[in-house]
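Here's the structure we're looking at; comments come further down.
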Amino acid sequence: MEREYQYGDPASGYILHKFFVFAFENWLVREEWDEKEKDEIIGVSKLLERAENSGKSRYAADIPLMKKISSSLEKTIQTQKGDELFESLKKIVSEFNAK
């Protein structure tokens, strides 16, 4: 029996829920504004919400772009497979790296 994954395959889920959370934490310099909870593992939306609400993130102006990237990533992972998914992920990562 073939295993079903929420995001098509395990690598896609990892990219969405681990890699980009880690990347956004670094981009936002989480330890500067979330000292008490900096080691807590949280999702992208909670991370961005905390950064906005802290009022201390020096990169808060980048949060709308992070939300756009996260939304694009989630939609892409849920709707595409194979080469189409890979090409779309490359574009999303390029958009992330452009900042």
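What number of residues within the stretch 38-59 satisfy the criterion of being more than 27 Å from ALA11 (Cα to Cα) and surrounded by fewer than 17 Cβ atoms within 10 Å (Cβ to Cβ)?
Number of matching residues: 7.
Any residue that is touching an Asp or Glu at 6+ places or on another chain (Cβ under 9 Å), acidic (Asp, Glu) and either modelled with pLDDT under 85 or not in a helix (DSSP H, G or I) (or both) - is there at least one of those in the stretch 28-49?
Checked the stretch 28-49: at least one residue is touching an Asp or Glu at 6+ places or on another chain (Cβ under 9 Å), acidic (Asp, Glu) and either modelled with pLDDT under 85 or not in a helix (DSSP H, G or I) (or both).
Out of the residues in the stretch 51-70 that are part of a helix (DSSP H, G or I) and among the small types (Gly, Ala, Ser), state the one that is farthest from PHE24 (Cα to Cα).
SER54
Picking from SER70, SER94, which residue would you name as being surrounded by fewer than 13 Cβ atoms within 10 Å (Cβ to Cβ) and under 14 Å from the mean Cα position of the chain (by Cα)?
Of SER70, SER94, the one residue that is surrounded by fewer than 13 Cβ atoms within 10 Å (Cβ to Cβ) and under 14 Å from the mean Cα position of the chain (by Cα) is SER94.
Could you please let me know if GLN6 is loosely packed, with under 15 Cβ neighbours inside 10 Å, of a type outside the set (Gly, Ala, Ser), modelled with pLDDT under 90 and within 15 Å of the chain's Cα centre (by Cα)?
So GLN6 fails the test.
Can you name the residue in the stretch 51-99 that is modelled with pLDDT under 90, among the hydroxyl-bearing types (Ser, Thr, Tyr) and in contact with a helix residue (DSSP H, G or I) (Cβ under 8 Å, 6 or more places away or on another chain) and is also farthest from HIS17 (Cα to Cα) among such residues?
Residue satisfying both the conditions and the ranking: SER88.
The values are calculated or read from the model by the stated rules, or taken from the named source; none is laboratory data. Quick caveat: nothing in here was measured; it's all calculated off a predicted structure. For neighbour counting, all protein chains shown are included, and Cβ atoms are generated from backbone atoms with ideal geometry for every residue, glycine included.
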